[in-house]
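Data first, discussion second: the structure below is written as C-alpha cells.
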Amino acid sequence: MVEVIRPVALNGPDNDGEALLQLLDSYARDPMGGGKPLPEQVQQNLIPQLKTRNDYLGVIAFQNNQPVGLINAFEGLSTFAARPLLNIHDVIVAREFRGNGLAQRMMSELEQLARQRGCCKLTLEVLSNNSAAQKAYRKFGFAAYELDPEAGQALFWQKPI
C-alpha cells in the first residue's frame, strides 16, 4: 500500500524534482509514453521551468520513500464557465504498483486541490489504444467530451512548432 500521496513540492526540504524526473523518464520509456528516454535537455530544463509557472499542479506518491506515482497538471480557463479548469497532462504509475487503485487515489487528491482553486472541471487526453488508462479514467468519472451528440466528440490534435 502506498504510504504518501501529496502535492508535488519543487522548493524547500521536500523537493520532489528528482523524483518527478525519475517517474517522467520511466513513463517516457514506456510504449504509451513514446518508448524513448527523456532527452538530456528536458531533464536539465523541466524543473526550472516548472518552478516559474503558477499554473502547474502535481501530486506524487511514495512507498518506502521511493516515488511510485505522479500526476502533472496545468490550470487553464473554461471560457464557457468563466472559471479555471485543470488539465491532467501526465498520469504515471510505476509498473509494480499498477492495478491497485493508485491512479484513482492520486486523481482524488488532485480533484480536491482543483476544487480548492475553484476549478470547474478536470480534463485529460488519452491514447485510443491505452485501454487500461481509459478504464481507470472512466472509473474515476471521466467521459468523452461532447456538447451535442450530433456535433460529435472532441478530438485532441497537435501541430508541433
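The values are calculated or read from the model by the stated rules, or taken from the named source; none is laboratory data. Every value quoted in this text rests on a predicted model; they were computed, and no experiment measured them. A quick note on method: Cβ atoms are made from the backbone with ideal geometry, for glycine too, and the neighbour counts reach across all protein chains shown. All accessible areas refer to the heavy atoms of the entire protein, side chains included, with ligands and DNA or RNA removed. Shrake-Rupley method; radii C 1.70, N 1.55, O 1.52, S 1.80 Å.
Just a few scattered comments:
- Gyration tensor (alpha-carbon) shape descriptor, the stretch 1-73, a/c threshold 1.5: oblate
- Portion, in percent, of the accessible area of the chain that falls on carbon or sulfur, probe 1.4 Å: 50
- Accessible area expressed per residue, the stretch 21-161, with surrounding protein chains retained (probe 1.4 Å, Å²): 66
- Which of V4, T52, Q22, positive extreme of dipole for the chain (C-beta unit charges): V4
- Taking the chain and dividing mean pair separation by its residue count, relative contact order in percent (alpha carbons under 8 Å, at least six apart): 18
- The chain, dipole about Cα centre (Lys/Arg Cβ +1, Asp/Glu Cβ -1), debye to the nearest 20: 180
- Between 0 and 90 degrees, the angle of helix 131-140 with respect to the longest Cα principal axis of the chain falls at about 80 degrees.
- Simple label model, 7 Å out from Cα along Cβ direction - F140 to L127, nm: 1.8
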